[in-house]
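A short write-up of the structure that comes next.
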Amino acid sequence: MKKSRRGQREPPRSSDDLALVRGVLEGESTAVEEFVDRMRCVSRILSYQNERLGKPLSATELLDIGQETILAVWKKLSQYSGEVRLQSWVFRFCYLEMLARLRKLQRLPRLFEDLDDNPLEGLSVPASDPFRFASIHRGIEKLQSNHREVILLKHFRGLTFEEAAAHLGVSSNTAKTRYYRAIDLLRDFLEEGKSEERVSQHRREFDG
């Protein structure tokens, strides 16, 4: 990793990451060593994701997923194009591996698995689609903390409105108001994503 004029380490650029990956694929020992060191980000990413989901997975399960993620990254390493930083590219693998494990253990939050019985019914987000799952999660990340908390408590920890309200120290009506406001914001976020996706598709068709 390069150092700045002040002697501080600069974050790697995607072009640097591409050179690193090419070195790994060519079997360069220094590149392999740096790559192994960089892959420590997997455990941090998984811990972060698990924390945001209400800790549905144990430390042992996270360790297993980490090994599976690194294996998946290694198998697809030749496909890394350098368009994004390596850590951002690895983040997607972490997310999909965690999603697969949650589905296997039947621990997917009801928000994604039981759309027919909650206010997200109109969003048409099948739980089997990991990219739609990721879109909802990104939307939750963008919510203000008071809105995000009630979503996490209700759907990721399975609390009722009354239990969530007690946990937050607010009235049940306030918890409900925050929840439905969060749902509206999520709808807006997903609709914006669909619009951007359609625009990108039209551009690709036009360029093609």
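The values are calculated or read from the model by the stated rules, or taken from the named source; none is laboratory data. Treat the numbers as computed from the prediction; the structure is a model and nothing was measured. Because the Cβ atoms are built from the backbone with ideal geometry, glycine has one as well, and the counts that use them run over all protein chains shown.
Listing for the model above:
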| quantity | calculated |
| --- | --- |
| Single condition E149 does not satisfy, out of (1) at pLDDT 85 or above; (2) over 22 Å from L102 (Cβ atoms) | (2) |
| Matching option when the condition is among the hydroxyl-bearing types (S, T, Y), modelled with pLDDT under 90 and more than 25 Å from I65 (Cβ to Cβ), among S29, S4 | S4 |
| Per-region count, region 141-166, residues touching a His at 6+ places or on another chain (Cβ under 9 Å), over 14 Å from R181 (Cα atoms) and surrounded by fewer than 20 Cβ atoms within 10 Å (Cβ to Cβ) | 2 |
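Table: residues versus (1) at pLDDT 90 or above; (2) assigned to a helix (DSSP H, G or I).
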{"site": "Y48", "(1), (2)": "no, yes"}
{"site": "G54", "(1), (2)": "no, no"}
{"site": "E61", "(1), (2)": "yes, yes"}
{"site": "E68", "(1), (2)": "yes, yes"}
{"site": "V90", "(1), (2)": "yes, yes"}
{"site": "L96", "(1), (2)": "no, yes"}
